[in-house]
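Asks: I'd like to ask some things about the structure below.
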Amino acid sequence: MSNPNIVYLDKNSAPRVMFSGDSIIEVDLPVGTRCIYPKPPVDGLKDVDAAIRYAINHPFGCEPLYAKLRPGMKVVIAVDDISLPLPPMRRPDIRARVLNIVLDMLDEHGVEDIEIIVAVAYHRHMKENEIKRMVGDRVFNRFWPERLYNHDAEDPEQLAYLGKTDAGEEVELSKAAVESDLIIYVNLNLVPMDGGHKSVGVGLCSGRTLAAHHNPRTMMEGGSYMTPENSGLHRSVDRIGRFINKKLDIFHIESTVNNRMFDGNLDFLAKNPDDYSSFEKFKLRSTLFALDRLPQAARQEIFDRYRAPYAITGVFAGETEACHKHTVDKCYEQYLVDVEDQADIQITGIPYISPYNVGAFLNPVLVQVLAQGYFHNLHRGKPLLKEGGTIIITHPCSDRFDHEQHAPYTEFFHKILTETSDDFELHKRYERKFSRNPAYIRMYRHGHSFHPNHPFYMWYWGTAGRKHQGRCIVVGADNEYVPRILGYETAPSMTEAIRMAKESAPEDPQITCVNYTPIMMTQVS
């Protein structure tokens, strides 16, 4: 039986459509190329608010939320930050819907001592307007800013040390959370690596705890981050989470979305071009014409303003692991595409957005995070690309860094990566000193910059992909020195990139073009 998500190109096939940063391009691929497309969006829940109420009243592995509440208790609610979903979802954000229902229940039970913390860890602090959009006007107006705020992983007065796990991992968390009677974590699971113990144990922790697993050794252990039970990072996170759960009362509320990232003028991006209607072909031509003539800033503005029409596909609540199992299963239901055989050459477009550049240009280090990090890990079982195979990406690789969000990235890329790109050397010789830079710490704490540790972590995210892939060739780069620093080669066209890739591939290589926007995962048999 044929797989509707997989197409083999013939001489009548249309060019493929893919992202190249903040633009969209068409490329001609050889006859016989295997193209993999995401599954259609899973149907959303008919009544999301009813599903939230049902979940918190019928949780997995613990008593209902109302049974945990009593007048006079202190409750901390933690919420995921702006790093997901991608692109940001249309209002009302699922986090706002959950918060409204939970807060009504707390009010009904006489709970008045409530704080809401945005669990950013070392991510940039969310801006006031971003938080308001995420949590909704009602919650924002009631709690901001004294009782609704970003977690500060660098403020010793806001942190409390809990101890060490049996494996020696140090656990330090938000003091407000540690001193509360109940922590309610409101999570949005975009992909299987999110949520679970990664919520409280990472989102509300300090650098002492992040160091236990955000390091080259741990991040190279095991398989894909998207298969948490095989990931060294998740094994560490799970140990930390179980240690925390023995000391603190935590109630999780997790939600999942479908992959309906686009509608309107961009909905064709999720489809096989051979299936375009006449109107969709017109939209494609119009979009390509417009993007090709707009300046870069205008293209970026268009995409930054876009809000995705996701539907909520599941809401689950309760004890961390009991609840999270259902969340991960729902993610796999939407994303997993069964594929026969690995590819010798993999082709994919790199889009304008990642979890770490919402509202900013995708800088070169974050291009690497997608190519060697996320897109390499979007599989269950074997990677889509054979070990030593070649990946071809499309992106301008511009030497651009957002000065507000990514100031530490600029120095990391231009000064440190040019001295060494070896993960263990970076970790041993540079990370500690760089991460203590007082100017960068100030920008993280009092501005909207990622922590100075963050570019190191993002380089480590790509470790497994760099070790697995043989070559990376960029099509569409507007310079050669940025790809060279990243360890990439460049090609002036897709035809030339494929010719170059074949030089190190077996005779008659399996060429696969995969569309990761919308998000999908492969399961290779």
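Rule-based calculations on the coordinates, nothing more; no lab input. In this text the structure is predicted, and so the values were computed from the model without any measurement. Reconstructed Cβ throughout: ideal geometry from the backbone, glycine too, with neighbour counts over all protein chains shown.
Asks: Using amide H atoms built in the peptide plane, which far-off residues or other-chain residues are under 5 Å from residue 172 H to H?
Replies: Under 5 Å from the amide H of residue 172 lie the amide H atoms of 162, 206, 209, each far enough along the sequence or on another chain.
Asks: So, one more: Tally the DSSP beta bridges in the chain and give the antiparallel ones as a percent, rounded to 5.
Replies: The antiparallel proportion sits near 30 percent.
Asks: Can you give the % of DSSP beta bridges in region 48-257 that are antiparallel, to the nearest 5?
Replies: Rounded to the nearest five, the antiparallel share is 25 percent.
Asks: While we're here: Rounded to the nearest 500, what is the chain's calculated 222 nm mean residue ellipticity when only DSSP H runs of at least 4 contribute -39500 (n - 2.57) each, over all residues?
Replies: Rounded to the nearest 500, the figure is -9000 deg cm²/dmol.
Asks: Still on this structure: Among the listed pairs 46/175; 132/415; 325/386; 46/382, which have their C-alpha atoms separated by more than 32 angstrom in this model?
Replies: Going by Cα-Cα distance, 46/175; 132/415; 46/382 fall outside the 32 Å limit.
Asks: Taking only Cα atoms, what is the 0 to 90° angle, nearest 10, from helix 278-293's long axis to the longest principal axis of the chain?
Replies: The angle comes out near 90 degrees.
Asks: Now for a different question. Cα-based Rg (one decimal) and Dmax (whole number) for the chain, in Å?
Replies: In order Rg, Dmax, the Cα atoms of the chain give 22.7, 72 Å.
Asks: Taking Cα centroids, how far is region 363-391 from region 1-76 in Å?
Replies: 19 Å
Asks: Of all the C-alpha pairs in region 48-257, what % are more than 25 Å from each other?
Replies: 35 percent
Asks: Within a Cβ distance under 13 Å of residue 481, other residues only, what is the Lys/Arg minus Asp/Glu net charge?
Replies: It works out to a net charge of -3.
Asks: Which translational diffusion coefficient, to the nearest whole µm²/s, is obtained for region 35-84 from the Stokes-Einstein equation, given a Kirkwood hydrodynamic radius over C-alpha pairs, 4 °C and 1.567 mPa s?
Replies: D = 88 µm²/s.
Asks: OK, next. Once both axes come from the Cα atoms, what is the angle between helix 320-335 and the longest principal axis of the chain, in degrees from 0 to 90, rounded to 10?
Replies: Once rounded, the angle reads 20 degrees.
Asks: Moving to a separate point now. So, in Å, what gap is there between the alpha-carbon centers of region 131-152 and region 235-304?
Replies: 25 Å
Asks: So how do 292-298, 263-269, 329-335 stack up, highest first, on mean other-Cβ count within 10 Å?
Replies: Going from most to least packed, we get 329-335, 263-269, 292-298.
Asks: Shifting gears a bit: Between the DSSP loop rule and a limit of at most 16 other Cβ atoms within 10 Å, which GluC sites (Glu not before Pro) in region 388-496 are left?
Replies: 404, 419, 480
Asks: Further question: So for each of 50-59, 437-446, 137-146 I average, over its residues, the number of other beta carbons within 10 Å; can you give me the resulting order with the highest mean first?
Replies: So the order, starting with the most tightly packed, is 50-59, 437-446, 137-146.
Asks: How tilted is helix 94-108 with respect to the longest principal axis of the chain? Cα atoms for both, answer in degrees (0 to 90, nearest 10).
Replies: Its long axis makes an angle of about 10 degrees.
Asks: Kindly write out, for region 178-191 in residue order, the coupling ³J(HN,Hα) from the Karplus curve 6.51 cos²θ - 1.76 cosθ + 1.60 (θ = phi - 60°), rounded to whole Hz, with x marking Gly and Pro.
Replies: Taking θ as phi minus 60°, the curve returns 4, 8, 7, 7, 7, 10, 10, 9, 9, 10, 10, 8, 7, 9 Hz for region 178-191.
Asks: Starting from the amide H of residue 379, placed 1.01 Å from N in the peptide plane, find each other amide H under 5 Å away whose residue is 5 or more places distant or on another chain.
Replies: 226, 522
Asks: Distances over 24 Å make up what percent of all Cα-Cα pairs in region 360-478?
Replies: 30 percent
Asks: Also: Treat every Asp and Glu Cβ in region 48-257 as -1 and every Lys and Arg Cβ as +1, leave all other atoms uncharged, and give the resulting dipole magnitude about the Cα centre to the nearest 20 debye.
Replies: Using only the charged Cβ atoms, the result is roughly 360 debye.
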